[in-house]
Amino acid sequence: MGNREALLVGAKACLREHGYDRTSVRDIATAAGVSTAAVGYHYGSREALLNQALFEILDEWGDAMGRALVPDADGSARAHYERVWESLIEQFGAHPDLWLASVELFMQAQRRPELRPALAGGITQGRRGMAAILDGVPEEQVAEPSVRTLGTVQLALVSGVMLQCLSDPGSAPTAAEVLDGIRALAKIAR
């Protein structure tokens, strides 16, 4: 593994251990076994490296979730959607460090406009990924209207539930409660 790849692996480990805000260039370089100058040489900045690492972690998670949540040929869409929410809420509890890092990136991007394009690209990819999981198709086959509607709404719901799970794990909603809330919203939206 070269220095560039080692830095990415080190940055992923640091994101999980320290979070976005508290990870320093020195932390990453130490985890990667390289000099601090290698961060600037290979990635330009700490933020560029952390962004790439975070988006790769989220991509890996999304791919794994997509593979795990393939709709059953004889199963209902409702059962599939319930499994999606059960898995999401389980992941928020199992890996709060990952989700907190994504919130930290959002906060950093509000103060540092140069981070916004990377965040916007990640959100677009998140919408597409959510639509793909729910439509049961590969991301490249998701129709753009599905990305803009289904993906957008699902990502908004996921983000809100994630924040609740991180903020107050003891009273975070269950998958069944989220689904009941969505059904109630659907009645109002008719």
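The values are calculated or read from the model by the stated rules, or taken from the named source; none is laboratory data. These numbers come from a predicted model, not from an experiment. Every residue, glycine among them, receives a Cβ derived from its backbone with ideal geometry; neighbour counts consider all protein chains shown. Surface accessibility is based on the protein's heavy atoms, side chains included, excluding ligands, DNA and RNA. Shrake-Rupley method; radii C 1.70, N 1.55, O 1.52, S 1.80 Å.
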Review point. Which of the trypsin sites (Lys or Arg not before Pro) across segment 13-66 are loop residues per DSSP, with 14 or fewer other Cβ within 10 Å?
Key: Arg22
Check your understanding: With a ≥ b ≥ c the root eigenvalues of the C-alpha gyration tensor of segment 105-189, is it rounded (a/c under 1.5), prolate (a/b larger than b/c) or oblate?
Key -> oblate
Practice item. Determine how large the accessible area of Lys187 is when every protein chain is in place; take a 1.4 Å probe and give Å² rounded to the nearest 10. Key: 150 Å²
Practice item. Output the relative contact order of the chain, whole-number percent, from Cα pairs under 8 angstrom with separation of 6+ residues. Key: 20 percent
**Study point:** Accessible-area order (highest first, 1.4 angstrom probe) of the listed residues Thr23, Thr174
**Key:** Thr174, Thr23
Study note, to complete from the structure: the chain accessible area per residue, 1.4 Å probe, protein heavy atoms, integer Å², reads 55 Å²
